[in-house]
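Below is one structure, written out as structure tokens; comments come after it.
The values are calculated or read from the model by the stated rules, or taken from the named source; none is laboratory data. Nothing here was measured: the structure is a model prediction, and the numbers come from that model. Ideal geometry is used to build each Cβ from the backbone, glycine not excepted, and the neighbour counts take in all protein chains shown. With ligands, DNA and RNA removed, areas are computed over all heavy atoms of the protein, side chains included. Shrake-Rupley method; radii C 1.70, N 1.55, O 1.52, S 1.80 Å.
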Amino acid sequence: MNLYDVRKTCDRDPSKDGPLCYPKMQAIEAFMNKPEIKKELGVPAKVDFQSCNMQVNQAFLLHGDSMHDSAKQLIPMIDDGIRVLIYAGEADAMCNYIGNREWVLSRSNETSLAAEYAAAPEQTWFVDGKEIGYLRAAVSPKSKKSGKKEFGNLSFLSLRKSGHMVPYNEPAASLEMFERWLSNEQLDTK
């Protein structure tokens, strides 16, 4: 089973799906390790790009970093007016959307946007008339006064037909999400 996309199986053999269950990751690593690409990005020749370095991962785990509640770091950011977007593919078992949705909901209660997020409806998100996922977004009272239809100050977005690598599964929707987020424009919902 592919834990990054439960709709698929995974053969972790490097000649098949690879260790991360996404065969394209191997092509990305090869591209990122080309000398001309490293030079363009200012990366020293001796440094190799790895999609997932298990030694670094293990060091974090052994030092207890996975047990720290990093979600609490978002609270002061949100209260300082920094816009936060959490998104997840619904077929991802590693970072499942239900757990992400629930911690955003629970942590929103600790922010200045508690009332706005609690009152925000979950809306269906469409791209080119196609149902992509669901959005719940709180817009700050200050932003509401401007009258502009904004993306939201605290937003959770789930993508129905995506796994862990959302841009891989839904490239057009990912681009739409990213561009609208950067320009702070509301997504198309009905």
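Summary of computed values
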| item | result |
| --- | --- |
| Hits in the range 69-96 (condition: closer than 25 Å to VAL139 by Cβ and of a type in the set (D, E, K, R)) | LYS72, ASP79, ASP80, ARG83, GLU90 |
| Residue check, GLU110 over 19 Å from MET177 (Cα atoms) and more than 18 Å from the chain's Cα centre (by Cα) | yes |
| Test: residue in the range 36-47 that is in contact (Cβ under 8 Å) with a residue 12 or more places away in the chain and either in contact with a Lys or Arg (Cβ under 9 Å, 6 or more places away or on another chain) or closer than 19 Å to TYR168 by Cβ (or both) | no |
| Filtered residue count, the range 146-190, keeping only those that are in a helix (DSSP H, G or I), among the small types (Gly, Ala, Ser) and out of contact with any Pro (no Cβ under 6 Å at 6 or more places or on another chain) | 4 |
| Cross-chain or 6+ apart pairs with Cβ under 7 Å, the range 56-76 first and of a type in the set (A, V, I, L, M, F, W, C), then part of a helix (DSSP H, G or I) and surrounded by 10 or more Cβ atoms within 10 Å (Cβ to Cβ) | PHE60/SER66; ALA71/TRP103; ALA71/ARG107; LEU74/ARG107; ILE75/ARG107 |
| Residue in the range 14-32 that is more than 22 Å from the chain's Cα centre (by Cα) and among the hydrophobic types (A, V, I, L, M, F, W, C) present | yes |
| Search result, residues across the range 145-177 that are basic (Lys, Arg) and surrounded by fewer than 13 Cβ atoms within 10 Å (Cβ to Cβ) | LYS145, LYS148, LYS149 |
| Count of the range 112-126 residues which are closer than 14 Å to VAL84 by Cβ and open to solvent by 30 Å² or more (accessible area, probe 1.4 Å) | 2 |
